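Okay, so here's the structure we're looking at.
The values are calculated or read from the model by the stated rules, or taken from the named source; none is laboratory data. Treat the numbers as computed from the prediction; the structure is a model and nothing was measured. Cβ: placed from backbone, ideal geometry, glycine included. Neighbour counts: every protein chain shown. Heads up: the accessible areas ignore ligands, DNA and RNA and are worked out on the full protein's heavy atoms, side chains in. Shrake-Rupley method; radii C 1.70, N 1.55, O 1.52, S 1.80 Å.
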Amino acid sequence: MKHIKKLIIWGVSLPLFASANTPDNSLPLTSSHAADIIKSLYTEGVGYTIPAREAQLIRRVGGDPVYGEITFSALQTLLDDLQLSKHDVFYDLGCGVGQTCIQVALVTPAKAVGIELSKTRLNLAKEATDKVKKIYGYDICPNLEWRQEDISKTNLSGATVIFLCSTCFSNELMQKLVNRFSTLPQSLKIISLRQLAANNFFTLIKTYNLPMTWNNDTPVYVYQSKTATPLDKKVKP
Ligand SMILES: C[S@@+](CC[C@H](N)C(=O)[O-])C[C@H]1O[C@@H](n2cnc3c(N)ncnc32)[C@H](O)[C@@H]1O
């Protein structure tokens, strides 16, 4: 179990900056340690409000700027079942302020990629990533990628798990995403808060009811590619 060392000066307890080379800062962490770290990275309500021009940009591409998050415990339940390895790549499409990807980078050996159109939210994700290194000494950067892009157009190469906190995504955006996912050559799990429209490519393998920041009992649907059919076979009639 790893603990943050504290320095007590005049009765004030300060986190001691861990050296980047101590054996103490190896990853992945236990979920309870990661939960403490993530809690300290964000101020409450951060990222909920974004400038009007960013909200307009998101609406223009058919997205929705409304904010809400999957809770740490809900994502941990999913990660405990997924058992990601270093060969996995977890995408959060609409990653907001980035706590899902940071959790994946802290508690699993997988790579995490966060895609978000709001620059304000993405900057908060990058700041949180820097804090993990500066305050706690864990360098998660090699396993993290942040991209300011439209989720319906972004490059999904290497994805093995795609997470969609999709409650507010329009039917049109959901359809565009399923169309994109169905052209990917690799086998894939999709975790979505909205059911995917009927399609021939993904099978529903599990449903959960998990806590989100707006509701304690939100359905979460997990899909698996039916087959990892090569792209060239999929496009031929
Ligand atoms: C409900 S929040 C989810 C945040 C995070 N995934 C989580 O679960 O904690 C959805 C995010 O998707 C972003 N979004 C919506 N449509 C988008 C699009 N077309 N391209 C990029 N980001 C989009 C919004 O700006 C928002 O930050």
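Give me the residue from the stretch 57-68 that is open to solvent by less than 70 Å² (accessible area, probe 1.4 Å) and touching a residue at least 60 places away in the same chain (Cβ under 8 Å) and, out of that set, farthest from the ligand (Cβ to nearest atom).
Top of the filtered list is L57.
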Next item on the list: Take the residues in the stretch 69-109 that are in a loop (DSSP other than H, G, I, E, B), among the hydroxyl-bearing types (S, T, Y) and more than 13 Å from the ligand (Cβ to nearest atom), then tell me which one is most open to solvent (accessible area, probe 1.4 Å).
Entry: S85
Notebook entry, point to check: From the residues in the stretch 151-173 that are of a type in the set (A, V, I, L, M, F, W, C) and at pLDDT 95 or above, which one is farthest from the ligand (Cβ to nearest atom)?
Noted result: A159
Notebook entry, point to check: Condition test on V178, is it modelled with pLDDT of 95 or more and touching a Lys or Arg at 6+ places or on another chain (Cβ under 6 Å)?
Noted result: no
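Residue-wise test of (1) on the phi < 0 side of the Ramachandran plot; (2) modelled with pLDDT of 95 or more; (3) open to solvent by 60 Å² or more (accessible area, probe 1.4 Å).
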site: A198; (1), (2), (3): yes, no, yes
site: L204; (1), (2), (3): yes, yes, yes
site: T207; (1), (2), (3): yes, yes, yes
site: P211; (1), (2), (3): yes, yes, no
site: D217; (1), (2), (3): yes, yes, yes
site: K234; (1), (2), (3): yes, no, no
Item checked: Residue list for the stretch 113-136, restricted to those being open to solvent by 10 Å² or more (accessible area, probe 1.4 Å), closer than 16 Å to S26 by Cα and not charged (D, E, K, R) -> I135, Y136
Checklist line | In the stretch 174-200, the residues that are within 25 Å of W214 (Cα to Cα) and more than 15 Å from the ligand (Cβ to nearest atom) | finding: K189, Q195, L196, A197
Notebook entry, point to check: Which of the residues belonging to the stretch 42-56 are surrounded by 15 or more Cβ atoms within 10 Å (Cβ to Cβ), more than 9 Å from the ligand (Cβ to nearest atom) and not hydroxyl-bearing (S, T, Y)?
Noted result: V46
